[in-house]
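This report refers to the structure that appears directly beneath it.
The values are calculated or read from the model by the stated rules, or taken from the named source; none is laboratory data. Everything numeric in this text was worked out from a predicted model, so none of it was measured. Note: ideal-geometry Cβ built from the backbone for every residue, glycine included; neighbour counts use all protein chains shown.
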C-alpha cells in the first residue's frame, strides 16, 4: 500500500514518533484480536519497520489488523503538518501530542462505522445497565458492547462465549469454566432487559426501521463481524468437490479427520495436530491448497477453528 502524495511531508523522525505513540494502541489491538504475529511492514527513505525492503517510496504492507490504524493516523499527521508544519517550534513534540489526542477519535470512528457504541465502557451505567441485577450482568453488557465494535472475525457463538468468559474471569477473579456455565443465563437476562424501552431507528428519516437498543447496538454490529467458518462445505469456491453429493461425503471426511487428529492429541499438542490435519486435507484434495494456506497463516482464524473443533469434541 502506497499512501497519498501528502506523505512527502512525513520525515523518518515524524513517522518514528508516530509509531512510538501507536505502540500501546497497536498492542491492544493485537491482544483483542488474538494476533500472535504482526506482519505489518513500513519502508521509506531512512526508515524500515518489520521485514520491509528498502524503498524510495512510502510503502505499508501486511494484513495485520493494526495496519489500517497506522494508515489512518499517518493521514491525520499529514493533515496536521499541512496546517501547522511551519508554525511549530517543536514539531516532533507537537506531532506526538496530536497523535495522542486523535487516536481515540480514530477508534471511535471504527466503532461508529460498525454501528456499535463508540464509548462501550459507559453502557454499564446507562438506563439498561442500571436495570440489570448485579455487577456481573453489567460487566457482560459492557464486554458485549465492546465486542460489537470490533471488525475482526467472530467464528461462532462458542468463540464469543469463550471471549466473554475470559474477560469476566479476569475482571472478577473467577475460573473461566465458572463463567462458561453461567453466561447463557446471564446473556438471556441482558438481552431481555436491553430489548425493552423505546425503539432505535436504524433506518433513515424517510425509511425508518425501529428496533430494540439491544438489536441496534449489540446484535447487528456483532452480525457485521465476518465469520471465517460459516462457508458451507458444499460451496465449490471453498472445496474441490464438483457436485453437492460428493461435497457432502467430503464434509464427513473433513470433520472425521480434524476431530480425530485433535481429540487424540494432548491439550498442548492440539494446535500442531490441527495444522497437520489441515495439511493432510489439502494433500488429499479435500480442501484447496490456497484455503489451507490462508487458514494456517491467519492466527486469529486458526485459533477460532481450534476453538470450534474443541467444542465439537466436547459434545461427542
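Going by the conditions given, is residue 207 part of a loop (DSSP other than H, G, I, E, B) and under 20 Å from the mean Cα position of the chain (by Cα)? Steps first, answer last, please.
Numbers: part of a loop (DSSP other than H, G, I, E, B): yes; under 20 Å from the mean Cα position of the chain (by Cα): no.
So residue 207 fails the test.
Being touching a residue at least 40 places away in the same chain (Cβ under 8 Å), closer than 21 Å to residue 301 by Cβ and surrounded by fewer than 17 Cβ atoms within 10 Å (Cβ to Cβ) is the filter here, so list the residues in region 34-62 that pass it.
36, 37
As an exercise: evaluate residue 89 against (1) assigned to a loop (DSSP other than H, G, I, E, B); (2) within 23 Å of residue 150 (Cα to Cα) and give the number of the one condition it does not meet.
Condition (2) is where residue 89 drops out.
Consider region 82-112. How many of its residues are in contact with a helix residue (DSSP H, G or I) (Cβ under 6 Å, 6 or more places away or on another chain) and either modelled with pLDDT of 90 or more or under 28 Å from residue 220 (Cβ atoms) (or both)?
9
Restricting attention to region 58-69, which residues are in contact with a helix residue (DSSP H, G or I) (Cβ under 7 Å, 6 or more places away or on another chain) and either outside the structural domain of residue 15 (by TED's automatic domain parsing) or over 16 Å from residue 31 (Cα atoms) (or both)?
58, 60, listed by residue number.
How do the pairs read when you match residues in region 79-102 that are assigned by TED's automatic domain parsing to the domain that holds residue 23 with residues anywhere that are assigned to a loop (DSSP other than H, G, I, E, B), using Cβ under 8 Å and keeping only pairs 6 or more apart or on different chains?
81/10; 91/85; 94/88; 99/22
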